[in-house]
Structures are given as C-alpha cells and as structure tokens.
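Asker: A single structure is presented below for examination.
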Amino acid sequence: MVAPVASSGGGTPAFRFSGAEHGGKEGLSEMMKKYPNWFSPHLHEFWGQAEKLPFDQHWLIALAAPRPFIALEGTSDQNVNQNGVRQAWLAAQPAYAMFGATDRLGVNWAERPHGMVQGDWDALLAFADKFLLGKKVERRFDQFP
C-alpha cells in the first residue's frame with residue numbers, strides 16, 4: 001500500500017496544475033528553487049514550463065497500480081494545490097481501471113495545514129482495513145474539497 005502524507009509540490013500534485021503559473025502553491029519552479037538536491041539535475045530545464053514535462057506525478061501514482069494508494073492531504077496545507085492533486089488522481093485512474101482496481105485509488109482531505117493529524121491516521125487505517133484486511137468500511141476515499 002502507498003500512502004503519501006502532505007506530499008506538497010514534489011509529491012502527489014501534478015506539476016502541470018501547481019505552482020505560481022498554474023494556480024498557486026508549490027510547483028515545479030518553487031520546488032527546484034527550494035530543493036534542487038531532491039530532483040534530477042535535468043529537471044531544471046523545465047523551470048517555468050511544467051506543461052512541457054514528458055511525464056508528471058500521475059505516472060508515479062499509476063506505477064503503484066493495482067496496489068492500494070491513498071493520498072492524505074490537508075485542506076489548508078500551504079504547500080499543496082488541491083487541483084493538482086485532483087488532476088494527478090484522475091490521470092492515474094486509467095492504470096487502475098486496466099486492473100479493475102479503480103476503488104484502490106483513494107484520497108482523503110483532513111482539516112489541517114502541512115503535516116499529519118488524527119484524521120489522516122483514521123483514513124489511512126480504514127483504507128488499510130478495507131484493502132489489506134478485507135474488512136467492510138463505510139468510508140469513501142474519493143471525495144475532494
């Protein structure tokens with residue numbers, strides 16, 4: 001199971017829909033400026049032009065298919081672009097559909113800034129109960145703010 005928490009600009013949100021030039025919060029340009037050592041030295045070639053990337057964050061999510069994947073994000077996280085998360089989540093769905101596992105691709109939004117709170121743990125454990133232990137869980141994992 002994969003469960004990134006408060007992943008910000010270098011994680012779940014698609015670069016094409018994040019950053020100053022694409023709706024705000026941390027995007028490719030901001031991440032390259034703040035954390036150049038986190039990425040390939042060639043990524044700077046796309047500074048200010050994320051739409052020209054040959055791939056985006058949804059590829060990383062799709063690589064997890066058909067394993068359970070839940071993005072745990074905060075509604076007031078100063079670093080994460082909600083639309084960027086949504087676009088990456090939607091773009092990864094075809095990979096999960098290929099395996100008949102679209103229900104295994106989830107997202108949860110807790111009321112919090114950057115970090116992790118009890119609501120994240122509750123969602124993570126419920127998701128694990130459902131997909132790793134086969135327990136009946138009433139909670140939904142496809143809701144966006």
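Asker: For the stretch 105-142, give me the residue count where each residue is closer than 12 Å to ALA3 by Cα and of a type in the set (Asp, Glu).
Answerer: Of the residues in that region, 1 qualify.
Asker: Let me ask something else about it. Do we have ASP129 as of a type in the set (Asp, Glu) and either assigned to a loop (DSSP other than H, G, I, E, B) or touching a Gly at 6+ places or on another chain (Cβ under 9 Å) (or both) here?
Answerer: Working: of a type in the set (Asp, Glu): yes; either assigned to a loop (DSSP other than H, G, I, E, B) or touching a Gly at 6+ places or on another chain (Cβ under 9 Å) (or both): no.
No: the conditions fail for ASP129.
Asker: Which pairs turn up if I take residues in the stretch 105-125 that are in contact (Cβ under 8 Å) with a residue 24 or more places away in the chain and look for partners that are crowded, with 18+ Cβ neighbours inside 10 Å and polar (S, T, N, Q) with beta carbon separation below 6 Å, at least 6 apart in sequence or on another chain?
Answerer: Close Cβ pairs satisfying both conditions: HIS114/ASN79; ALA123/ASN108.
Asker: Another question about this same structure. Which residue is farthest from GLN143 (Cα to Cα), if the candidates are limited to the stretch 78-100 and must be over 13 Å from the mean Cα position of the chain (by Cα) and surrounded by 15 or more Cβ atoms within 10 Å (Cβ to Cβ)? It would help to see each step written out before you state the result.
Answerer: Residues of the stretch 78-100 over 13 Å from the mean Cα position of the chain (by Cα): 78, 94-100.
With the extra rule that they be surrounded by 15 or more Cβ atoms within 10 Å (Cβ to Cβ), the set shrinks to 95-96.
On the way: ALA95: 19, TYR96: 17 Å.
Looking at the filtered set, the residue picked out is ALA95.
Asker: For TRP59, work out the one condition from (1) part of a helix (DSSP H, G or I); (2) surrounded by fewer than 16 Cβ atoms within 10 Å (Cβ to Cβ); (3) more than 14 Å from the chain's Cα centre (by Cα) it doesn't fulfil.
Answerer: Of (1) part of a helix (DSSP H, G or I); (2) surrounded by fewer than 16 Cβ atoms within 10 Å (Cβ to Cβ); (3) more than 14 Å from the chain's Cα centre (by Cα), only one is false for TRP59: (3).
Asker: While we're looking at this one, here's another question. Mind telling me which of the residues ALA50, ALA64 ends up being modelled with pLDDT of 95 or more and either crowded, with 16+ Cβ neighbours inside 10 Å or within 18 Å of VAL2 (Cβ to Cβ) (or both)? Spell out how you get there, then give the answer.
Answerer: Working: ALA50 fails: modelled with pLDDT of 95 or more.
It is ALA64.
Asker: If you don't mind, there's one more thing I want to ask. Residues of the stretch 25-44 being among the small types (Gly, Ala, Ser) and part of a helix (DSSP H, G or I), which ones? Show your work before the answer.
Answerer: At the first step, the residues of the stretch 25-44 found to be among the small types (Gly, Ala, Ser) are 27, 29, 40.
Correct list: SER29 only.
Asker: Residue by residue through the stretch 101-126, note down the ones that are among the aliphatic types (A, V, I, L, M), buried (at least 16 other Cβ atoms within 10 Å of the Cβ) and assigned to a helix (DSSP H, G or I). I'd like the intermediate steps shown before the answer.
Answerer: To start, the set of residues in the stretch 101-126 that are among the aliphatic types (A, V, I, L, M) comprises 101, 105, 107, 110, 116-117, 123-126.
Restricting the remaining residues to those that are buried (at least 16 other Cβ atoms within 10 Å of the Cβ) gives 101, 105, 107, 110, 123-124, 126.
If the condition is that a residue be among the aliphatic types (A, V, I, L, M), buried (at least 16 other Cβ atoms within 10 Å of the Cβ) and assigned to a helix (DSSP H, G or I), then ALA123, LEU124, ALA126 are the ones that fit.
Asker: Which of the residues that make up the stretch 22-42 are more than 19 Å from the chain's Cα centre (by Cα) and more than 18 Å from GLN78 (Cβ to Cβ)?
Answerer: Matches in the stretch 22-42: PRO36, ASN37, SER40, PRO41, HIS42.
The values are calculated or read from the model by the stated rules, or taken from the named source; none is laboratory data. Since the model is a prediction, treat every value here as computed from it, not as a measurement. Positions of Cβ are generated from backbone atoms using ideal geometry, with glycine treated the same way; all protein chains shown enter the neighbour counts.
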